[in-house]
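Every read-out reported here was derived from the displayed coordinates using simple, explicitly stated rules and does not represent laboratory data. Please read all numbers here as calculations on a predicted model, not as lab measurements. Virtual Cβ from ideal backbone geometry, glycine too; neighbours counted across all protein chains shown.
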Amino acid sequence: MNLQPLGADLLTTLVFLPSLGALVLALVPGESKTAAKVVGLATSLLTFAVSVVMLRGFDAAAPGIAGFAIDRPWIPRFGIRYQMGVDGLAVALILLTTVLTVSVLLVACGQKIDRFKGYVAAFLVLETGMLGSLVALDVLLFYVFWEVMLIPMYFIIGIWGGKRRIYATMKFFLFTMAGSLLMFIAILYAAGVHTRTTGVQSFSLLDWTRAASSGAWGLTPGVEALLFGAFALAFLVKVPLWPLHTWLPDAHVEAPTGGSIILAGVLLKLGTYGLLRFAWPLFPNAAARYGPFIAVLALIGIVYGAWVAAAQKDMKKLVAYSSVSHLALVVLGIVAGTGAALSGAIFQMIGHGLTTGLLFLLVGVLYERRHTREMADYGGIAARVPVTTTLFVVATLGSVGLPGLNGFIGEFLILGGVFQVNIVWAAIAATGMVLGAIYLLTLVQKVFWGPETVPANRTLTDINGWELAGAFPLIVLIVLLGVFPRPLLNLVDGSVRSLQKPAATSAVPTAEAAR
């Protein structure tokens, strides 16, 4: 079967196939839910199939960001190129993105959603933005995809969200837009520096990284700190790292189930991806200088996120604050910079996407039936919803890091890697993990066990077929990655080695080499 329509290359097909599906949906007359289901699921499954083809053809042993490289002029007058490529880090996150998008649309098919066609189309456009951000190697092209993500998520929360959706949407938009504008200014300044010092007008990340790491840019410590700060701030807002996290709980609580799954599963990871792909390799001296400061913020975020999560009565808010804590652990691993810490950080990015995505999915299953997320409105429902209970328990145990499930591998590697750098950091981070186990297991106990005191729960129905189909791939991957972590670790090993040696970027032909 030809998976590359119109003869496009693999990465172009991967990125724009979802938008093609959204365009087809726009041309479908009326509000037929069946048509939206067929087009949405077919498009997302085909995109997932392309990502699997990409995985099968990817050579993890190849150095740098060389996989399926594309390098064509886009706006040659300004040195802007249509440049794409992948390494193990990008491949892992692309697979996470395509799997979660399929899950979201499967779950949506089993729930009552107004304006269903628009809902599906928004997620397909969002998938294009996410995949484009992961494969773009021209910094301006990356920025375009980065901004594209903002628009469909704005509408997903603003149209299909809860009662305070407008407030949550504006907060989400303003926080992320403010960070993005700072990054855009830094991109323009860095492009000017590159042109002035090398004589070549280019926005290629590969050209920039090579020039920056060799000292060709000749940045003063102050200028490098400002550029690093602008890039890092944009990505840390997206993570989000304490104290930049305040938009996240509101966005999660007000977003529909699918929005929460993608927000926690992929969009937050693009913040840590940006740190690894741009902020650290482009400005290694500033990263080394200000890394300890970011580590302190991460440590506060680990403990603060866990502490506030423990105080929540709303299930979605609890899971949202747990993300603040877990993603801060990933940032700490990036700052530590050892091989184990970086491998653990990337593994945890994937693992958190699966476990937290599944937790939001299951909270959405309960909300769909009872229209409440308050823990006090449940209790003793395990016998009435045994499948939902089983899935929730597995997702929770994966999230708290039980050996045999995916969370254990990521947390173990991060803590081990951080321990090699700073024992105090490792000890504080471990405290957050203990708190995480307490609040998540308390959530399970309050919602599913104990006496059944709420009469409305006596008619509660278990997860339906569509929702189960959406949860199934996540539960399988949570177990598989816990038992067989080696394939994922092998996949990202080349990226980890490149991150430890920023100068060794890629064998991809570059704009400079072409000249």
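Values [x] -0.26, -0.35; [y] -0.41, -0.57; [z] -0.30, -0.41 are given for comparison; log10 I(q)/I(0) by the Debye sum over Cα atoms at q = 0.06, 0.07 Å⁻¹, derived from the coordinates here, is the one labelled [x]. Full extension of the chain between TYR290 and ALA42 gives 84.7 nm of extra length, using 0.36 nm per residue less the Cα-Cα distance. The string of couplings for the stretch 18-32 from the Karplus curve (6.51, -1.76, 1.60, θ = phi - 60°) is x, 5, 4, x, 5, 5, 4, 4, 5, 7, 6, x, x, 10, 4 Hz, one whole number per residue in order, with x for Gly and Pro. Whole-Hz Karplus values for the stretch 206-218 come out as 5, 5, 5, 5, 5, 5, 5, 6, 8, x, 5, 5, x Hz, taken residue by residue from phi with 6.51 cos²θ - 1.76 cosθ + 1.60 and θ = phi - 60°; glycine and proline positions read x. With point charges of +1 on the Cβ of Lys and Arg and -1 on the Cβ of Asp and Glu, referenced to the Cα centre of the chain, which listed residue (ILE381, MET149, LEU182) lies farthest in the positive direction of the dipole? After comparing all options, I get ILE381. Structure note, pairs LYS33/LYS446; LYS269/LYS446; LYS117/LYS269: Cα-Cα distances above 32 angstrom occur for LYS33/LYS446. This model, with +1 at the C-beta of Lys and Arg and -1 at the C-beta of Asp and Glu, gives the chain a dipole about its Cα centre of some 460 debye. Centroid-to-centroid, using Cα positions, the stretch 394-429 and the stretch 105-174 are 31 Å apart.
When you count the other C-beta atoms within 10 angstrom of each residue and take the mean per peptide, 75-83, 489-497, 192-200, 133-141 line up highest first as 133-141, 489-497, 75-83, 192-200. For the set LYS37/LYS313; LYS112/LYS313; LYS112/LYS316, the pairs lying more than 23 angstrom apart at their alpha carbons are LYS37/LYS313; LYS112/LYS313. Near ALA471, once Lys and Arg are set to +1 and Asp and Glu to -1 for all other residues with Cβ below 14 Å from its Cβ, the sum equals -3. Straight Cα distances below 13 angstrom link LYS317 to the aspartates and glutamates ASP250, GLU254, GLU374, with same-chain residues fewer than 8 positions distant left out. Label positions at ARG72 and TYR189, each projected 7 Å from the Cα along the C-beta direction, are separated by 3.4 nm. For the stretch 347-358, backbone phi angles converted through the Karplus equation (6.51, -1.76, 1.60; θ = phi - 60°) give residue-by-residue couplings of 4, 5, 4, 5, x, 5, x, 6, 5, 6, x, 5 Hz, Gly and Pro being listed as x.
Dividing the mean sequence gap of close Cα pairs (under 8 Å, 6+ apart) by how many residues the stretch 368-494 holds gives a relative contact order of 46 percent. Ranked by the mean number of other Cβ atoms within 10 Å of their residues, highest first, the peptides 340-346, 442-448, 164-170 fall in the order 340-346, 442-448, 164-170.
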